[in-house]
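K.L.:
Sending over a structure as structure tokens; questions will come in a sec.
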Amino acid sequence: MVAESPSSIKNEVVGGRYRLGEVVGRGGMSSVYCARDENLGRDVALKLFAPQAPDADELKRQEAEIKLLATLNHPGLVTLFDAGIDDRIPDEPRPFLTMELVEGQDLRSRIRHSRVPFEELSVIGAGIADALAYVHGLGIIHRDIKPGNILLIQIRPGEPLRPKLTDFGIARIVDSTRLTSTGTMVGTAAYLSPEQALGKPLSSATDIYSLGLVLLECIKGTIEYPGSAVESAVARLHRAPEVPDDVPSEWADLIRSMTAIEPLERPAAADIETALRQALVSPASTPGELAPETTRVLPAMPFHPPPSPRKSRWMRCGRQQQRRGLKVLHHRPTTLCPAGQPSQPR
């Protein structure tokens, strides 16, 4: 049976309660609708996945895992409300998610407008790192960190845009039954970690690598690994991301540590969040300009320790610097790696 087009199912009811409205986004495996929750009388975003083969056990596993994701509660995450299986067509069951409907642009649109100044990028990066520290602490990996999955909202007029991470459609629980088997590449090619590109087992470090590429794209204004899915995935296995020479050394060291080839050499999300919140450069600074020696401390945010007991050298070094009272992201010759050992992908 041929699956319905996104426009053909407008006004139909999914899951017995969600009436579909306009399509607000499309991807290769899903469409996102503005929908009306007729039970609670509120608008939601509903993500409807492509039809799947009727494997009852797999559908149950996926539904159970997504329901767990729906329990997440963090200001840096788009809240998931519900999950289920759309079985209006018996031979073509379709998983769906409903989530908070957020007004605002995504980071992809922001980058298209212009490169992101370091102060603004510090706020965005710290917010996403804090959200990742929370989900990683619960043993969840997002697996698809990219600009299009980072929404930017303004809480109050005059305040900087705050990020919200969305789209947990391919997330999985560490050490649980996988939604995809080892050897299957899942994610968006331009932002895959090396271990994703190789189909290897994943850890929370895969999200760190992807976030590093996102930060670099905000600075450069261009995708680091463009091309077809295969070209993009393979490129990162042969060359490290290229950080421009005029990027302040502290930012360059941070991005290189986040995009290290070896997952265990990458910092934890909580350490990235701490580094980015410790100091913000002058608002006048933009990528390509060195910043003056000024700092501005952001409001304190909850600290969520990473689940893994193993700490990278970057993490140990970062904590030693904090104990000595040093600022990790001052624009002085302070580094995020052991002295004399630049953090390079290996």
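K.L.:
Would you be able to say whether some residue in region 258-277 is modelled with pLDDT of 95 or more, buried (at least 17 other Cβ atoms within 10 Å of the Cβ), more than 23 Å from V135 (Cα to Cα) and not β-branched (V, I, T)?
P.N.:
no
K.L.:
When you look at F168, is it at pLDDT below 90 and buried (at least 22 other Cβ atoms within 10 Å of the Cβ), yes or no? Reasoning before the result, please.
P.N.:
On the way: at pLDDT below 90: yes; buried (at least 22 other Cβ atoms within 10 Å of the Cβ): yes.
In short, yes.
K.L.:
Return the total of residues in region 204-222 being under 11 Å from A268 (Cα atoms) and not in a helix (DSSP H, G or I).
P.N.:
Summing the residues that are under 11 Å from A268 (Cα atoms) and not in a helix (DSSP H, G or I) in region 204-222 gives 1.
K.L.:
Would you call I128 modelled with pLDDT of 95 or more and under 22 Å from E265 (Cβ atoms)? Even if it seems obvious, please write down each step before you answer.
P.N.:
On the way: modelled with pLDDT of 95 or more: yes; under 22 Å from E265 (Cβ atoms): yes.
Yes; evaluated as a whole, the condition is true for this residue.
K.L.:
In this structure, is R112 exposed (fewer than 14 other Cβ atoms within 10 Å of the Cβ), at pLDDT 85 or above and not aliphatic (A, V, I, L, M)?
P.N.:
Details: exposed (fewer than 14 other Cβ atoms within 10 Å of the Cβ): yes; at pLDDT 85 or above: yes; not aliphatic (A, V, I, L, M): yes.
Answer is yes for this residue.
K.L.:
Oh, and also: Which residues, taken from region 93-119, are among the β-branched types (V, I, T) and in a strand (DSSP E or B)?
P.N.:
T98
K.L.:
Considering only region 201-218, I want to know if a residue exists there that is at negative phi, surrounded by fewer than 20 Cβ atoms within 10 Å (Cβ to Cβ) and without any contact (Cβ under 8 Å) to a residue 40 or more places away in the chain.
P.N.:
The answer is yes; a qualifying residue exists.
The values are calculated or read from the model by the stated rules, or taken from the named source; none is laboratory data. Since the model is a prediction, treat every value here as computed from it, not as a measurement. Counting neighbours? That spans all protein chains shown, and the Cβs are built from the backbone with ideal geometry, glycine included.
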